[in-house]
Structures are given as structure tokens and as C-alpha cells.
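The values are calculated or read from the model by the stated rules, or taken from the named source; none is laboratory data. Since the structure is predicted, the reported quantities are computational estimates derived from the model, not experimental observations. All Cβ positions, glycine included, derive from the backbone under ideal geometry; neighbour counts span all protein chains shown.
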């Protein structure tokens, strides 16, 4: 839907409510001229907040869509996720884990896909890795991670022929300020659900003993030789600042 069509929709909805432009503007805190611009398709002159406010008063909502001149946006997002999955898998392999990506499952009516299953068959250890480029819903992310940890032993037994005795979990996020702020904002929940960080995470990866529930920040960087190398860091507990995860 282009800007002009949005304007026509607003006008039709306003007429349906039997409102004048002035009345609609007063209801959502903008001028009559702003409503006129909106109905004329001149959305570039308005803030997204103002457009949403006007539509809300008309019992409607605004859904934004991005068009990228170089291709499909969804493919761009998939590429970013795939890159973070690849970085994480390489680090785990470097610590001696067998890594299986994208394990789809349908167990007892529960469906989904495990981003990475890291395995150490000799020790009977399974690590469930959930990779997120954006942490949108804390509750949904933790609920789905719980599901994968619960079903993981059955999936490994059925597909690889051995039963894990220990199952760890880790949530991987991109190493960027937005993700860190999101984690800090919801620390009360995340510190309880995924308390392990920094040294304890890397120590567990090297020698998996006892439970693991961790948050791990990872980022790919380009070295001077233009080959991709991996730099990872995790949220640090007090006293661990400056320590690297890998």
C-alpha cells in the first residue's frame, strides 16, 4: 500500500465515523492541516507516531513494510541469522563439540527447530543453542528454549542412538549495544533463567560438568587478511570485566 492509498483509506474511515478533519485532528492531538496532509498521501511530512495516532482514533492500525532495492528484506535477515549461527558453530567446534545445525522436530504436538545441537557423545552431553539476532519477546524465547531442552534428549536418542545425561542451554545474541541494553532491561528475568556468563560459560564449554544456562554474545569481524575471524564476548559478572569468552 503506497502513501496515497493510505490517505484514501484514512479519508474513507473518517467519513465512516462522520468526523471532520478538524475533529479527527483534535482527537489525536494534531492540526487539521496535518490530517489534510495525511489524507492527501503526504505521509513524509508526518511522524509515524502521528499517523498511528490518527489511525488508532479510526479503529485502524499501521503496518510498515520495508522494500530494499538490492533484494528481499527477509533474505537479508536470514543471512544475518545464518551468519551468527555459523560463528557460534565454529567456536563450539573449536572447543571440541560436534555441532548439528537446524534440527527440526515434531514431538507430542510440539513443533520447532533447534538452531544448533552441540554434542559430546563420549560424555553424554547435549547443549541446546538458541540463536537470536533480535530479542523481541523474552517470555516466548524462554518458553521455546525450555521446550527444546525438554525434548532434546528424546531427539538425540532417536536420531543419534544415545541418551544425554546432561543437557545445557545457551542463548546466543549479537554483540551489539541494542542486544546488551535489552538484556540489561530485563535482567530480573534473564539473570534467573540464564544466570551463567563469561568465564563460567567458557569453562563449561571446555569441560561440561554440571548444569549450564547462559547468555552468550557473539560477533563476526573481518581481519586484516580479509578472512573472517571470530570474536566473542559474554555479559560479564562483576569482577570479570575485560575477560573474553573465547
**Asked** Just checking, which of 134, 110 is surrounded by fewer than 16 Cβ atoms within 10 Å (Cβ to Cβ) and more than 19 Å from the chain's Cα centre (by Cα)?
**Response** 110
**Asked** Is it the case that some residue within the stretch 169-177 is assigned by TED's automatic domain parsing to the domain that holds residue 201 and out of contact with any strand residue (DSSP E or B) (no Cβ under 9 Å at 6 or more places or on another chain)?
**Response** yes
**Request:** All but one of (1) within 15 Å of the chain's Cα centre (by Cα); (2) part of a helix (DSSP H, G or I) hold for residue 122, so report the exception by its number.
**Result:** (1)
**Message:** Cβ-Cβ under 6 Å, sequence separation 6+ or interchain: first residue in the stretch 14-29 and in the same structural domain as residue 53 (by TED's automatic domain parsing), partner not in a helix (DSSP H, G or I). Which pairs?
**Reply:** 25/31
**Request:** Quickly run through the stretch 105-119 and pick out the residues that are out of contact with any helix residue (DSSP H, G or I) (no Cβ under 9 Å at 6 or more places or on another chain) and outside any strand (DSSP E or B).
**Result:** 109
**Prompt:** Can you name the condition, by its number, that residue 205 falls short on among (1) assigned to a helix (DSSP H, G or I); (2) surrounded by fewer than 21 Cβ atoms within 10 Å (Cβ to Cβ); (3) modelled with pLDDT of 95 or more?
**Reply:** (2)
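So that you can scan it fast, the table gives a plain yes or no per residue for (1) at pLDDT below 95; (2) over 22 Å from residue 87 (Cα atoms):
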residue: 109; (1), (2): yes, yes
residue: 114; (1), (2): no, no
residue: 130; (1), (2): no, no
residue: 140; (1), (2): yes, yes
residue: 146; (1), (2): no, yes
residue: 149; (1), (2): no, no
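Just to verify a result, which residue in the stretch 46-69, among those that are more than 21 Å from residue 36 (Cβ to Cβ) and assigned to a loop (DSSP other than H, G, I, E, B), is modelled with the lowest pLDDT?
Going through the qualifying residues, I end up with 69.
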**Asked** Could you count how many residues in the stretch 161-179 are outside any loop (DSSP other than H, G, I, E, B) and surrounded by fewer than 16 Cβ atoms within 10 Å (Cβ to Cβ)?
**Response** 2
**Request:** Kindly provide the set of residues from the stretch 2-20 that are over 13 Å from residue 43 (Cα atoms) and part of a loop (DSSP other than H, G, I, E, B), ordered by number.
**Result:** 17, 18, 19, 20
